[in-house]
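Read through the structure below, which is laid out as structure tokens, and then see the notes.
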Amino acid sequence: MAKSSANESNLLGAIAYLLGIITGLILYLMKPEDKYVKYHAMQSMLLTIAIIIIEVVWGVIAGVLTLGTLGLGLLIVAPLTMLLGLVFFVLWLYCMWQAFNGKKFKLPVIGEYAEQYAK
């Protein structure tokens, strides 16, 4: 297999985040020789899993908060849910941007695991 150019690696690193686990897994398996792409593909998969877990936990917490106090619970839960979604969206864009610009941006905790699995 031919080595990927830096520009191609950067583009593929950014694409790894596009559909989370799906594009991450595809690129992780298709580019085993490109450590940069493998790193971002693994970090994308781990980030997606972390976001899913956080959203499920938050969904349970939000459900409990809104059970007893319908009005007050919704006033608190709805804005926090939107804020959480916005934070995840901005993080997703930031990771894509960093990968596209050739930076090996490491997320806390997730980045360490991604680095281990990319070797």
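What follows draws every value from the coordinates through simple rules; no lab data is involved. From a predicted model like this one, the values you see are computed outputs, not experimental measurements. In this analysis, Cβ positions are derived from the backbone assuming ideal geometry, glycine residues included, and neighbour counts consider all displayed protein chains.
Could you run through segment 22-40 and say how many residues are without any contact (Cβ under 8 Å) to a residue 40 or more places away in the chain and surrounded by 16 or more Cβ atoms within 10 Å (Cβ to Cβ)?
Restricting attention to segment 22-40, the residues satisfying the condition of being without any contact (Cβ under 8 Å) to a residue 40 or more places away in the chain are 22-34, 37.
Right, trim to surrounded by 16 or more Cβ atoms within 10 Å (Cβ to Cβ) and you get 23-25, 27-28, 31, 34, 37.
So the count comes out to 8.
Suppose we filter V77, V56 for residues that are surrounded by 14 or more Cβ atoms within 10 Å (Cβ to Cβ), farther than 18 Å from Y17 by Cα, β-branched (V, I, T) and without any contact (Cβ under 8 Å) to a residue 24 or more places away in the chain; which single one remains?
Working: V56 fails: surrounded by 14 or more Cβ atoms within 10 Å (Cβ to Cβ).
None of the other options fit; the residue is V77.
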